[in-house]
Amino acid sequence: MRSVGSALRWTWSQGPNRDASRVIAALPAYQVAFWPDGWEQLEDGGVLVRDTDAMAEARRWYRLAERNRGLVPMDPAMRLHGAFVPRPSLAMSRQRFASGLVASVAVQLVAGDWVASRRAVLMRAPARALREREQTWSGSRSREPLDREGLAVVLSELLAQCVSERLIPRAGYRLRVQGDDGYGVGGFRCIVEVWLDPYARARLADALSVGLVPWNRAVTRDGRPHPLIGVEVRRPAASGPSTS
């Protein structure tokens with residue numbers, strides 16, 4: 001028979017899970033389908049569907065199936081590896097819906113059984129699922145994602161503003177933007193090379209990261225938030241042309 005102390009500990013530990021279960025059970029269908037960071041609440045009440053790492057992974061599986069001309073059935077393998085996302089749900093990426101209710105109706109019409117199974121998975125560890133969602137943010141004030149050239153322009157303007165506001169000294173700054181097209185949703189790495197001391201470089205990295213927030217968003221990878229636009233400020237490897 002379980003002791004009174006262990007029973008009390010069990011009851012206390014189940015409290016957060018019970019509360020989290022109620023939250024998960026009440027989530028609209030579109031949030032379950034595109035969990036944890038695949039939507040953006042728009043100011044007019046609409047919903048914009050964004051890519052998640054899970055959606056990007058599912059697309060790679062489907063592309064592989066197309067290259068194999070359907071000779072290998074992909075759905076069972078995708079389900080086995082936890083990578084299954086129905087094709088109709090993938091087609092909703094970058095779609096705008098007038099409201100969360102409309103988005104929920106749409107996703108239930110094309111993948112209602114899958115949404116129900118997704119909710120059941122979240123309910124197995126509801127508190128952990130909610131913590132994962134709280135660590136990320138979705139969307140930005142910029143409706144369209146920046147390309148490499150556009151981001152380079154924004155980065156240059158931010159750097160000039162930091163100099164004008166005397167957050168950093170005038171110096172020779174070398175800027176470049178690299179695409180990060182690895183696993184999941186693609187992002188960018190903004191690299192600034194300058195001959196400054198470590199403290200000044202860290203202060204510049206913080207200022208640029210804050211300045212890029214309106215264009216940035218984070219996705220969940222391995223249970224942790226990863227900004228799609230990262231900033232790295234370092235000393236130059238060698239001398240060369242720079243931007244002041």
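Below, the figures for the structure above:
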| quantity | calculated |
| --- | --- |
| Contour excess over end-to-end distance, with Cα ends at TRP61 and ALA91 and 0.36 nm allotted per residue | 9.3 nm |
| FRET efficiency for GLU134 and ALA83, using Cβ-Cβ distance with R0 set to 30 Å, rounded to 0.05 | 0.80 |
| Nearest-ten-degree value, helix 198-211 long axis tilted from longest Cα axis of the chain | 60 |
| Segment 148-234, relative contact order [Cα under 8 Å, separation at least 6], % | 29 |
| Whole-Å distance, taken between Cα centres, linking segment 58-106 and segment 21-55 | 16 |
| Local net charge near VAL210, Cβ-Cβ under 13 Å (Lys/Arg +1, Asp/Glu -1) | -1 |
| For the chain, with +1 on Lys and Arg beta carbons and -1 on Asp and Glu, the positive-most of LEU204, LEU167, PRO225 along the dipole | PRO225 |
| Along principal axes, Cα extents of segment 148-234, largest first, whole Å | 38, 26, 21 |
| Segment 4-134: radius of gyration and largest Cα-Cα distance (Dmax), Å | 17.3, 62 |
| Beta bridges per DSSP with both ends in the chain, % antiparallel, nearest 5 | 75 |
| Paired Rg and Dmax values of the chain, which use every Cα atom, in angstrom | 22.4, 76 |
| In degrees, nearest ten, helix 4-26 long axis to first principal axis of the chain (Cα) | 80 |
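Throughout, read-outs are computed from the coordinates displayed, never taken from laboratory work. On a predicted model such as this, the values are computed, not experimentally measured, just so you know. Backbone-built Cβ (ideal geometry, glycine too); neighbour counts: all protein chains shown.
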